[in-house]
Amino acid sequence: MRYAETGFNLEIDLTRGSIERVATDPRLTELHLGGLGTSSKILWDRVPPETDPFSPDNLLIFSTGLLNGTPATGANRTIVSSYSPQTLLMGYSMMGGFWGPELKYAGYDKIIFRGKSPSLVYIWIHNDKVEIRDASHLHGKGAVETAETLRKELKDPNVQVAAIGLAGENRVYLASIEHGRSSASRLGLGAVMGDKGIKAIAVRGTKDINVARPAEFMKLCNEVLQYIKIREEKPVPGVMPILAGLGSPQEMKLVDEEWHTQNFMWGNSRERKRNFWNAEIEEKWRQTQENVRKRLISCYNCPMKCGATISVPGISTYMMKCFSKLTYTMAAYSDLDFGFRIAQRATEYGVDGFSTPQVMAFAVELLEAGILSERDFEGCPTDNEGRFFWLLDRIVRREGIGDVLANGTHWAAEQIGNGAHAYAHNNIKKHEQLPLKLGMLNPVYFLMYCTGEKINITQIEGQFPQSPFPTIEEREDFVKDWIQVPDEKFKQYLMDWEFRGERSNPYYPTVDMSVDIVDWQEMMHYIDDALGMCAGLSSFPLKPPYHIHNYPEFISAALGIDLDEEGLKKIYRRNRNLLRAINVRRGLRRADEKPPENHWKKRFPELEEKLLDAYYKFKGWNRDGIPTKEALHDLDLDYVAEDLLKRGILTDDGESDSTGSSSEAVNQ
Amino acid sequence: MAEKKKKIVKTIKIDVDKCNGCRACEVACSAFHAAPKYSSNNPARSRIRLIRDPLSDVYLPVYAGEEAKAECMGRGKYVIDGKEYSECDFCRSACPSRDIFKEPDSGLPLKCDMCEDNPPNEKPLCVQWCLAEALIYEEREEEVEEPEEQVKAEEVEIGLEAMIDKFGLQKVMDTFSRMSASKKG
């Protein structure tokens with residue numbers, strides 16, 4: 001018997017219409033855990049780097065995490081991976097909700113799709129019964145509507161559905177995969193799903209998931225629950241409200257949006273409105289929010305209420321979470337009522353709530369700058385809100401200018417030319433980022449923005465406070481019960497961190513400290529993404545219930561192995577390096593690793609080079625960000641090194657093809 | 001005559017307005033009742049289930065009571081706060097008309113036992129795991145009519161009754177005679 005995992009993947013070839021249930025190698029679990037780790041391994045092994053994201057040879061992998069379906073609170077994330085049509089690199093995006101655990105209960109750890117269906121289909125998985133079914137009746141339907149239709153059609157309210165909307169069907173690069181209150185939104189994976197002809201995956205499972213050492217495992221679960229209770233009663237003082245508690249930012253609960261509306265940028269990530277928030281707006285937005293919010297809701301087996309059911313009178317109900325509450329509002333210079341209305345349509349269409357508003361604001365700017373013409377906007381209403389609805393409709397249908405915009409700002413600018421590139425200014429690796437523009441370079445964030453493989457800051461940050469605490473007393477208070485630190489030195493980093501003077505940004509945390517901090521934050525995200533644990537209870541918030549000291553116990557008790565902290569850290573490094581190698585094989589190099597040019601006003605080119613050098617060196621990578629043979633060898637990834645050598649991406653002396661400098665890469 | 005006796009009644013009060021729909025109650029229940037305890041997890045085996053229709057904002061945790069051997073006539077509808085519930089949604093019975101509160105493998109009915117354990121739990125596990133406080137454990141003292149002392153049915157008798165329920169008295173009697181004849185022979 002396999003513990004924690006089911007030990008089986010579903011292999012579905014859509015071209016041939018074949019379905020296989022394939023036993024997995026338990027050795028891979030020991031090496032990579034599961035989730036993102038084992039999905040990366042499959043992509044590396046089976047999809048050659050020259051594969052086009054829309055090729056039938058590209059794989060689309062829906063993966064559960066190792067702890068999904070166990071009683072571990074918050075282990076409910078589904079990890080979707082493939083090659084991204086937008087960045088052309090590996091794209092992975094996670095969603096919470098109920099789908100991952102349901103797939104586990106049906107008896108599968110992953111579904112691996114290959115090929116392309118000749119017509120639109122949906123997949124129906126009910127324990128051992130798996131069918132590819134005709135979805136012509138769902139063609140053009142909204143993602144939420146699709147899930148409801150299938151729940152009725154399959155006559156089971158407990159069926160869990162992941163679906164694409166019109167955007168995915170039309171291979172819009174902004175397309176998401178929607179599931180209830182959750183979505184795998186980033187990096188265009190909905191477009192890959194649409195390209196394969198999959199409208200939806202409906203899952204129902206009634207089988208057991210076993211853990212190896214039950215009493216021990218349950219004790220750990222109870223400790224986590226107790227810690228959540230304590231932590232909820234005692235928010236972290238001195239940080240903004242959304243960072244004080246656990247969970248993903250409690251956007252559905254909180255009405256006070258002073259911080260977001262005054263610190264994040266409006267329009268096409270352009271303008272900071274420092275005096276926007278006032279009592280009148282707060283009251284108006286409070287009314288808007290309380291009128292449409294039916295209930296605060298959670299994902300599977302999690303007490304945090306990060307989502308909400310939203311019913312705007314006159315339009316159909318949907319569910320929302322997190323910052324998409326404000327992205328449309330702020331991109332369109334509008335108000336919260338507009339935000340809730342357009343998000344409803346966007347959710348049905350199935351588009352990324354981060355990228356899409358920016359793409360539309362980008363289009364409006366191009367029109368104002370005369371780079372796009374009135375002809376491109378023929379038939380578009382002239383009012384601001386109307387314009388955004390119109391653009392959204394065009395984008396998901398790929399009509400007219402919408403067809404250009406559907407590829408995101410980078411590719412749209414390429415196609416439009418005429419100086420449009422200057423307006424696609426908020427991207428990393430061709431992917432739109434949070435609308436933030438700040439003053440002083442923050443060395444930790446610099447590294448995370450540059451090197452994060454997820455290409456999304458909220459999936460890399462966490463753990464270490466975003467800014468110093470003003471007084472020594474506050475710092476002492478913060479560090480005294482900071483049990484999550486992997487090493488005591490992090491407490492000192494925080495104690496010494498000041499707003500001004502020598503020990504402040506950008507030179508403090510120092511280069512080496514910054515690398516340490518980033519490595520810790522990355523580590524927690526990589527472990528979460530392998531376990532299917534929500535970042536909101538682990539890698540994202542300050543002082544979370546899951547951390548590097550209790551994770552080895554959880555994994556050991558679940559699997560029946562004896563994994564210690566060093567062992568878990570090694571798995572993290574292995575997964576981190578494998579993912580990096582996949583992207584390196586697809587062409588990622590140091591030159592790509594930069595934040596949006598205007599992200600910080602005050603930049604420090606020399607320091608930035610040092611930061612990247614130190615980070616690469618720490619990771620055991622060469623100057624170009626490529627894992628060295630030695631580093632790969634230490635992580636049992638010799639086959640990766642061999643491949644990189646064979647392709648000439650690495651040379652025997654550890655150099656890479658594109659830099660002539662010698663490598664000082666040492667394994668940490 | 002039946003005698004009136006005081007008895008502690010254990011119940012779970014359900015505050016549906018506080019439910020956040022996470023189904024931790026199902027998780028805790030199915031883990032507790034696994035054998036060995038906590039060794040597996042499967043909401044389909046849970047003795048508390050969340051009746052859930054998110055878009056209609058229906059979240060109704062229901063814990064299993066007595067099995068009903070036949071479907072009842074109840075097909076009523078209730079509208080509460082603008083939300084429609086069927087009579088079945090509130091029903092705590094495993095019954096032929098639906099698949100909740102039944103072991104997924106055997107189809108045998110499930111019933112909440114308030115997490116009876118030795119040493120006893122302070123509260124059932126679903127209540128402990130409901131951080132939303134939608135489930136509230138209550139012990140009430142009630143006067144109940146205690147039926148006159150009965151001869152306790154022996155285990156064999158319980159088993160036989162179940163067989164009779166399922167196959168009918170005649171079939172059981174026939175089988176019994178045939179088996180005893182063949183054993184003697």
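The table below gives the values:
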| quantity | calculated |
| --- | --- |
| Residue pairs meeting the criteria (Cβ under 7 Å; at least 6 apart or on separate chains; first at positive phi, in the range A:541-569; second of a type in the set (Gly, Ala, Ser)) | A:560/A:212 |
| Test: residue in the range A:169-176 that is open to solvent by less than 10 Å² (accessible area, probe 1.4 Å) and closer than 25 Å to residue A:18 by Cα | no |
| Per-region count, the range A:524-558, residues open to solvent by 30 Å² or more (accessible area, probe 1.4 Å) and assigned to a helix (DSSP H, G or I) | 1 |
| So residue A:222, is it over 25 Å from the mean Cα position of the chain (by Cα), assigned to a helix (DSSP H, G or I) and either within 30 Å of residue A:87 (Cα to Cα) or more than 11 Å from chain B (Cβ to nearest Cβ) (or both) | no |
| Yes/no for residue A:192 being within 11 Å of another protein chain (Cβ to nearest Cβ), touching a residue at least 60 places away in the same chain (Cβ under 8 Å), open to solvent by less than 10 Å² (accessible area, probe 1.4 Å) and not polar (S, T, N, Q) | no |
| Test: residue in the range A:403-411 that is touching a His at 6+ places or on another chain (Cβ under 6 Å) and crowded, with 23+ Cβ neighbours inside 10 Å | no |
| Test: residue in the range B:13-31 that is touching a residue at least 24 places away in the same chain (Cβ under 8 Å), more than 8 Å from chain A (Cβ to nearest Cβ) and more than 21 Å from residue A:297 (Cα to Cα) | no |
| Search result, residues across the range A:220-246 that are over 24 Å from residue A:470 (Cβ atoms) and out of contact with any Pro (no Cβ under 7 Å at 6 or more places or on another chain) | A:220, A:222, A:223, A:225, A:226, A:229, A:230, A:232, A:233 |
| Subset of the range A:141-169 (residues that are more than 12 Å from chain B (Cβ to nearest Cβ), within 22 Å of the chain's Cα centre (by Cα) and of a type outside the set (Val, Ile, Thr)) | A:143, A:162, A:163, A:165, A:166, A:167, A:168, A:169 |
| Within the range A:239-347, strands (runs of 3 or more DSSP E) holding 3 or more residues that are buried (at least 21 other Cβ atoms within 10 Å of the Cβ) and within 14 Å of chain B (Cβ to nearest Cβ) | A:307-310, A:318-321 |
| Residue match in the range A:626-634 (condition: open to solvent by less than 50 Å² (accessible area, probe 1.4 Å) and of a type in the set (D, E, K, R)) | no |
| Sole residue being within 23 Å of residue A:103 (Cα to Cα), within 14 Å of chain B (Cβ to nearest Cβ) and open to solvent by less than 40 Å² (accessible area, probe 1.4 Å), chosen from A:29, A:78, A:64 | A:64 |
| Close pairs from the range A:143-167: first without any contact (Cβ under 8 Å) to a residue 24 or more places away in the chain, partner in a helix (DSSP H, G or I), Cβ under 9 Å, at least 6 apart | A:148/B:55; A:149/A:137; A:149/A:138; A:153/A:137; A:157/A:151 |
| Unique residue being in contact with a helix residue (DSSP H, G or I) (Cβ under 8 Å, 6 or more places away or on another chain) and more than 17 Å from residue A:460 (Cβ to Cβ) when the list is A:581, A:535, A:530 | A:581 |
| Boolean, residue A:120 is open to solvent by 10 Å² or more (accessible area, probe 1.4 Å), over 19 Å from residue B:23 (Cβ atoms) and away from every other protein chain (no Cβ under 14 Å) | yes |
| Unmet criterion (only one of (1) under 19 Å from the mean Cα position of the chain (by Cα); (2) touching a residue at least 60 places away in the same chain (Cβ under 8 Å); (3) surrounded by fewer than 22 Cβ atoms within 10 Å (Cβ to Cβ)) for residue B:66 | (2) |
| Every pair of residues 6+ apart whose Cβ atoms lie under 6 Å, when the first sits in the range A:210-221 and is within 11 Å of residue A:555 (Cβ to Cβ) while the second is β-branched (Val, Ile, Thr) | A:211/A:70; A:217/A:211 |
| Per-region count, the range B:4-42, residues open to solvent by less than 40 Å² (accessible area, probe 1.4 Å), of a type in the set (Gly, Ala, Ser) and within 19 Å of the chain's Cα centre (by Cα) | 5 |
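Each row is one residue, and each column tells you yes or no for (1) touching a residue at least 60 places away in the same chain (Cβ under 8 Å); (2) under 30 Å from residue A:74 (Cα atoms); (3) open to solvent by 50 Å² or more (accessible area, probe 1.4 Å); (4) not assigned by TED's automatic domain parsing to the domain that holds residue B:38.
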| site | (1), (2), (3), (4) |
| --- | --- |
| B:75 | no, no, yes, no |
| B:81 | no, no, yes, no |
| B:129 | yes, yes, no, no |
| B:163 | no, no, yes, yes |
| B:176 | no, no, yes, yes |
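The values are calculated or read from the model by the stated rules, or taken from the named source; none is laboratory data. All of these numbers come straight from a predicted model, not from anything done at the bench. Cβ: placed from backbone, ideal geometry, glycine included. Neighbour counts: every protein chain shown. Just so you know, the surface numbers come from the protein's heavy atoms only, side chains and all, with ligands and any DNA or RNA stripped out. Shrake-Rupley method; radii C 1.70, N 1.55, O 1.52, S 1.80 Å.
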